[in-house]
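One structure is given below, encoded as structure tokens.
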Amino acid sequence: MKTSATAEGSGGRAAVFSWRPRPVPHWTKRVGLRNNASGLFFVAPWLFGLLVFTLYPLLASAFYSLTDYSIVESPTWVGLGNYKELFTEYHLFYIALGNTLYFAAIDIPLGTVLAIVLALLLNIKVRGMSIYRTIFYLPSIVPSVCSAMLWLWVLNPQYGLANEILRALHLPALGWMASPTWSKPSLIIMDLWGAGTAVVIYLAGLQDVPDSLYEAAQLDGAGPVRRIWHITLPMLTPVIFFNLVMGLIGAFQYFTQAYVMTRGQGGPMDSTLFYALLIFRNAFQYFKMGFASAMAWILFLIVLALTLLLFKSSSRWVYYGGAMR
Amino acid sequence: MALTKRLATLDRRAFLRRAGIGATSALLAACAPKPAPAPTTPAQVESTKAPEPTAVPEPTAEPTLAPAAPVTLEVWWVNWAEVWNQAMVDLGKAYTAANPNVQMEWTFSPEWQQKLLARVAAGDAPDVTYTYYGAQAGLASKDTFLALDEYAAQAGITSTTFLPSMWAESLWDGKLYCIPGGADFIVFFYSKTTFKNAGLDPEAPPKTAAELVDCSAKILKYDSAGNVDVMGYGPETDHLMYWSFIFGGDWYDPGQKKITANHPKNVEALEWLVEQVKKVGADKLTAWMTGQPDAYTPGNPFATGRSAFLTTGYWMGQTIDELAPDLEYGITHWPTLNGTPEERKNYIVQGWMVAIPKGAENADAAWGFVKSAFVDNNWKESCDTVNGCTVLAQMEQFNKCVMDLKGPDNRMTPYFHVFGETGSAGTKYWPVVPVNQMLFDEMVRAYNAAINGQKTAQQALDETTEIVQKELDKALS
């Protein structure tokens, strides 16, 4: 086989920089094809799942969002009618969106700060730390419905533990889930109680911070606060970024606890009528699947936009150790 | 030898490939649709043991209902609770005992409605399904149920067979889409213990709205923290539905196809409710409603004598027997404006029904079960499942059955007539429109807006009318 370096047929002059792809022997082609086919074969079940259970429903809902569709009857084309109605006529659209944005705007930052603080505390080397970590993680594995029922009692306006504590501190008792003002904060508190999953992820991230950085900072006279601010947090930014993205997606899809605690009503006074709850109501109680699909796509676009914004901002504040900013 | 040699030289890649093919084939085989059942040939009906007497006329030319070949009817039901679910299963077993060719397969699900839609759309409809007044019109208008007019006509079932309001709720667009299964006769249970503690005559429950307000004022007590400790009459979110009809209002004009949520009498009823809520305090009432266990939970306020009234049906007697065996209680009619029997025609009587979904594989056999269990033997089905009888001619049998079960010493026995009087007098029902669930939700929103002072009763109900009318126009177009 002749290589480009020894090519002939051009007046005897050897080509120095010409490049010709090396011919592939026929037996390697067959092996390559067989490898590809084997690989495809083994990912086929996952691929099947992706196409049938993710991509097809996604495309189907996009189509149904442009129709009047009740699931049982055939869809009737309405074009952008559902979207127009949502933005201009539907009286609950902005209420539900507002509730969801309120929840996300408060729950995500609070949850991030709380999880980081807890992770820092749980990273201290003391005896019994594994027990403390378990205790803080346990609430996050309680099923959503069970935790909702539990918190209904904790936040009971008359007999609940929360108001008992407030009364003991000579503070006024609150309406909690019975109050339009305090219903969303109640749900936020409940959500923060289950911050264990994020704590574990931050804990893992803390293990990756090299001790040498802390030692060097100590030698330079940096105290604990400065070490946290200038070393720990910057090193933790990739994990913070991940949790922010996941938290954003989860907050906008908030449904189970609101549904269980308000029996699907979204009360009191629509204060816990979240966007996902409204989608559920339109789809399965009012039989307006096309309308609900349009709502779902608007939610998708909002979450996508916010996530892209987060990604775009990440270059300013996320530090990947060793990488150029 | 050749096989052994081949197996010995089988490499890991080849083994995994072949194992994958085998596993995928097994999965596809498991997911294959089940073969269609053999078509059933209707045979001559075997008559079940009919209750005596029955006013349902003898069928003139009834189709054969019990199939010749064995079938399994899939029955799709709401999840009431284990004891009542079991009662339905026993109902099915009794039918199978009389019709050995028909087996029953019950599924109880709180998400029956959502899953029913998906199943009908997928062409995998069950044979029989539960439905109720809040969903019937919406589902029927979406072509989810079979029209039962032919079956009913052949069985001699007419509008006079059932309670008028239950019959009306089973229709959509002039056709019959379900059979009334059980009616709710909603009355006032009152705690004689609480009455005595408030210095009221325990044998003189309120008969009028004014008397209700007076005795509630005497019963209402607050604790040292200012929360409600003992409640008289505390309006619940759906009570506007009941009071609106008692005040003489209505929610729908079928002739004009207009939502009449802002009917003057509805507004009057809501204004009256706002006044009652103000007497307790809207935030205190909401805290009470949110904070108390419901009537089916041990320690609930009625069982513990901390609430004077409970608005519910006769099934509650069983629960009270379990949770509060020592409680002294009585039962009275829902108070009306003037306390006269004539006003009882404004009581709501509605409940649940049984339908055959479109696409059911065994529609004829399903009808056989539905007719037997919910028409011919409605008195027994209602008695066994603690529901109100819906067949007019079987009310006496139903009453006797319940009394026999309860016995003469049961606390409910002397008052049981109240349920029958409510059921036989009441003619009102929630509108049979495809948007009735939305109408109910908007009614609740209007009620909450009014009692919290966000809107006047007129404003709140005007908004309800406008919102729901728009949806109704779309649904009917």
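The values are calculated or read from the model by the stated rules, or taken from the named source; none is laboratory data. Just so you know, these numbers come straight off a predicted model, no measurement behind them. Don't worry about glycine lacking a Cβ; one is built from the backbone with ideal geometry, like all the others, and counts go over all protein chains shown. The protein model used for the area step is the full one, side chains on, heavy atoms only, and it has no ligands, DNA or RNA in it. Shrake-Rupley method; radii C 1.70, N 1.55, O 1.52, S 1.80 Å.
Considering the Cα trace of the stretch B:145-226, what is its radius of gyration and what is Dmax, both in angstroms?
22.3, 66
Percent antiparallel among DSSP beta bridges with both residues in the protein assembly as shown, to the nearest 5?
Working: 29 of 41 bridges.
Antiparallel: roughly 70 percent of the beta bridges in the protein assembly as shown.
Ranked from the most accessible area to the least, with a 1.4 Å probe and all protein chains present, what is the order of A:Tyr159, A:Tyr137? Intermediate results must be reported in sequence, preceding the final value.
Details: A:Tyr159 110, A:Tyr137 85 Å².
From most accessible down to least: A:Tyr159, A:Tyr137.
Got a sec? What order do A:Thr67, A:Thr197 fall in by accessible area at 1.4 Å, biggest, i.e. largest, first? Don't skip to the answer; put the middle values down first.
Values: A:Thr67 0, A:Thr197 70 Å².
So the residues, ranked largest to smallest area, are A:Thr197, A:Thr67.
Identify all aspartates and glutamates with a Cα-Cα distance to B:Lys196 below 12 Å; exclude those on the same chain that are fewer than 8 residues away in sequence.
Result set, ordered by chain and number: B:Glu328.
Among rounded, prolate and oblate, which fits the stretch B:190-262 when a ≥ b ≥ c are the square roots of the eigenvalues of its C-alpha gyration tensor, a/c under 1.5 means rounded, and a/b larger than b/c means prolate?
Details: a/c = 4.27, a/b = 2.15, b/c = 1.98.
Cα axes put the stretch B:190-262 in the prolate bin.
Tally Lys and Arg at +1 and Asp and Glu at -1 over the other residues with C-beta under 12 Å from the C-beta of B:Val89: what net charge comes out?
Numbers: positive: B:Lys93; negative: B:Glu82, B:Asp90, B:Glu105, B:Asp384.
Around B:Val89, the surrounding residues sum to -3.
Which ³J(HN,Hα) values in Hz, rounded to whole numbers, follow from the phi angles of the stretch A:139-150 under the Karplus curve 6.51 cos²θ - 1.76 cosθ + 1.60, where θ = phi - 60° and Gly and Pro get x?
Working through the residues one at a time gives x, 6, 9, 6, x, 4, 5, 5, 5, 5, 5, 4 Hz.
Using the Cα centre of the protein assembly as shown as origin and beta-carbon charges of +1 (Lys, Arg) and -1 (Asp, Glu), tell me which of B:Ala308, B:Gly248, A:Leu58 is placed farthest towards the positive end of the dipole.
It is A:Leu58.
Per DSSP H run of n ≥ 4, the term is -39500 (n - 2.57); total these for chain A, divide by its residue number, and report the mean residue ellipticity at 222 nm rounded to 500 deg cm²/dmol.
Values: 15 runs with 196 residues, N = 325.
After summing the helix terms and dividing by the residues of chain A, the value is -19000 deg cm²/dmol.
For chain B, restrict the atom set to alpha-carbon positions and state the Rg and Dmax in Å.
In Å, with Rg to one decimal and Dmax whole: 26.6, 101.
Give me P(r) over the stretch B:349-477, computed from all C-alpha to C-alpha distances, binned every 5 Å, as integer percentages.
For the stretch B:349-477, the pair-distance distribution reads 2, 9, 13, 13, 12, 12, 12, 12, 10, 5, 1, 0.
Residues of the stretch B:436-477 with accessible area at least 50 Å² lower in the all-protein-chain context than alone (1.4 Å probe)?
Output list: B:Met438, B:Asp441, B:Arg445.
Can you pull the three principal axis extents for the Cα set of the stretch B:232-292, in Å, largest first?
43, 18, 15
Which of the aspartates and glutamates could a cross-linker span from A:Lys84 if the Cα-Cα distance has to be under 18 Å and same-chain partners fewer than 8 positions apart are dropped?
Hits, sequence-local ones excluded: A:Asp68, B:Glu471, B:Asp473.
Partner chain Cβ atoms within 10 Å, averaged over the residues of A:165-177 - can you pull that number for me? Kindly include the intermediate steps, with their values, before the conclusion.
Values: counts 0, 0, 1, 0, 0, 0, 0, 2, 4, 1, 6, 3, 4.
So the per-residue partner count for this stretch is 2.
Cα-Cα over 18 Å: which of B:Lys221/B:Lys279; B:Lys93/B:Lys406; B:Lys93/B:Lys371; B:Lys258/B:Lys455?
Numbers: B:Lys221/B:Lys279 12 Å; B:Lys93/B:Lys406 23 Å; B:Lys93/B:Lys371 15 Å; B:Lys258/B:Lys455 23 Å.
Those over the limit are B:Lys93/B:Lys406; B:Lys258/B:Lys455.
Please compute P(r) over all alpha-carbon pairs of the protein assembly as shown, binned at 20 Å starting from zero, and give each bin as a whole-number percent.
Reading the bins upward from 0: 12, 37, 32, 14, 4, 1, 0.
Provide the three semi-axes, in whole Å and in decreasing order, of the ellipsoid equivalent to the stretch A:224-325 as defined by the square roots of 5 times the Cα gyration tensor eigenvalues. Kindly include the intermediate steps, with their values, before the conclusion.
Numbers: eigenvalues 286, 59, 13 Å².
Largest first, the stretch A:224-325 gives 38, 17, 8 Å.
Quantify how much of the Cα-Cα distance distribution of the stretch A:217-268 extends past 18 Å, in percent. Kindly include the intermediate steps, with their values, before the conclusion.
Numbers: 789 of 1326 pairs.
Value for the stretch A:217-268 (Cα pairs over 18 Å): 60 percent.
I need the fraction of alpha carbon pairs in the stretch A:71-111 separated by more than 16 Å, rounded to a whole percent. Spell out each step's value before the answer.
Numbers: 476 of 820 pairs.
Every Cα pair in the stretch A:71-111 considered, those over 16 Å come to 58 percent.
So how strong a dipole does chain A carry about its Cα centre when Lys and Arg Cβ are +1 and Asp and Glu Cβ are -1, to the nearest 20 debye? Mind dumping the intermediate values first?
Values: 21 positive and 13 negative charges, 261 e Å.
So the magnitude is around 1260 debye.
Ordering A:Arg127, B:Arg12, B:Arg18, B:Arg119 by accessible area with a probe of 1.4 Å, largest first, what comes out? Write down the numbers at each step before the final one.
Details: A:Arg127 220, B:Arg12 190, B:Arg18 155, B:Arg119 35 Å².
From most accessible down to least: A:Arg127, B:Arg12, B:Arg18, B:Arg119.
Using +1 on the beta carbon of Lys and Arg, -1 on that of Asp and Glu, and nothing else charged, what's the dipole of the stretch B:136-276 about the Cα centre, debye to 20?
Using Cβ point charges on Lys, Arg, Asp and Glu, the stretch B:136-276 gives about 80 debye.
Place +1 on the Cβ of every Lys and Arg and -1 on the Cβ of every Asp and Glu in the protein assembly as shown, take the dipole about the Cα centre, and give the residue among A:Met289, B:Ala475, A:Leu304 whose Cα lies farthest towards its positive end.
Toward the positive end, the furthest listed residue is A:Leu304.
Enumerate the lysines that B:Lys257 could reach by cross-link, defined here as Cα to Cα under 22 Å, with residues fewer than 8 away along the same chain left out.
Here the lysines satisfying the reach criterion relative to B:Lys257 are A:Lys288, B:Lys142, B:Lys175, B:Lys265, B:Lys428, B:Lys470, B:Lys474.
In a Debye calculation with equal point scatterers on the alpha-carbon sites of chain A and no solvent, what is log10 I(q)/I(0) at q = 0.08 Å⁻¹?
Taken in order of the listed q values, log10 I(q)/I(0) reads -0.60.
Hey, if you put +1 on the Cβ of every Lys and Arg and -1 on every Asp and Glu Cβ in chain A, which of A:Tyr132, A:Trp176, A:Gly39 ends up farthest toward the positive end of that dipole?
A:Gly39
Give the relative contact order (percent, whole number) for the stretch B:352-477; include only Cα pairs under 8 Å separated by 6+ residues. Intermediate values should be presented prior to the final figure.
Working: 65 pairs, mean separation 16.3, N = 126.
This gives 13 percent for the stretch B:352-477.
Given the protein chains as shown and a 1.4 Å probe, how many square angstrom of A:Tyr83 are accessible, to the nearest 10?
Rounded to the nearest 10, that gives 50 Å².
What 222 nm value per residue comes from the helices of chain B, counting each DSSP H run with n ≥ 4 as -39,500 (n - 2.57) and dividing by all residues, nearest 500 deg cm²/dmol? If you can, show how the numbers build up before the last one.
Numbers: 19 runs with 208 residues, N = 477.
Result for chain B: -13000 deg cm²/dmol, rounded to the nearest 500.
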